[in-house]
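Where a number appears in this text, it was derived from the coordinates with a stated rule and is not lab data. Quick caveat: nothing in here was measured; it's all calculated off a predicted structure. All Cβ positions, even for glycine, are placed from backbone atoms using ideal geometry, and neighbour counts span all protein chains on display.
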Amino acid sequence: MRNAETWLHELAVRMFAASPFDHTAGTDVTDRRIRVVDATTIQEPGSTGTDWRLHYVLQLPSLECDFFDLTDQFSGETYKRVPVQSGDIILGDRGYCHREGVAHVIEQSGDVIVRLNWNTFPLLDKDGGSIDILKRLRTLDEYNPGEWPIWFEAFDQMYNGRLCAVRKSKEAAEKSKERIRKTARKNGGSPRPETLESAEYVYVLATTDQKTLSTEAVLELYRARWQVELAFKRMKSLFEVGQVPKKNERSARSWIYAKLLAVLLIERMIHAANFFSPWGFDERKP
């Protein structure tokens, strides 16, 4: 296993490169490449903490992996780790809501749609003044989405974007609030009123323009992000990615690459099965 690390990694990379999916496929809302980034923690048996972090990027709508990286537990989630092509739109959760990471994607001629974390990502108006996010969210009419222009500072320069938001249903809002209260009780405290009020909304930062994606399209794309969570759950439950049964670093990496290769193989087999010809050949080929 130790000696197989490079070989297994190359197999996984080539399996992706030879996959039957259209790598340039977009969605029904834009012809640009849509990618979703996330990370999952991996622990070795007997460990008391996170030993590895698997960074993973999927394309929509194919759900195909186009990038993965295995790092130690000290390497956090950031857009700066992800290779960006011009025109990419990369979706991320709050863990990726960092000004330098978002600016990195913009500098590479890409865009992001990321769940906003206002504690780590202060929004500004065009004059550089701070924005009261809750004040804007309160103006939302029923369940109709809304948006506002925003700016943020990174690398000593200003970047612009859009704050897109929609009000949650009462049931969804109460579930979110209860999770916040539960976490606060576990930590021996109580949530701030502003935190509870913010749970009544879904709000994301988008750097695309209105012409590329409407407010509704931005929010609809963010809803698709749950598919990444589903992919990680599938890997953890079916392939036990969450438990690396090796102590040696090289063996552990080989094991992870083998699991990723298995995932890519199954995706390719599913695709082949969907287009299987019952008479055993493709009549379109001479």
Residues with amide H under 5 Å from that of Thr208, placed H, sequence gap 5 or more: Val112
Net charge contributed by nearby residues that have their C-beta within less than 15 Å of Tyr143 (K/R +1, D/E -1): -2
Among the listed pairs Lys135/Lys175; Lys135/Lys211; Lys168/Lys211; Lys80/Lys186, which have their C-alpha atoms separated by more than 31 angstrom in this model? Lys80/Lys186
Could you rank the peptides 53-61, 164-172 by their average count of other C-beta atoms within 10 Å per residue, with the highest value first? 53-61, 164-172
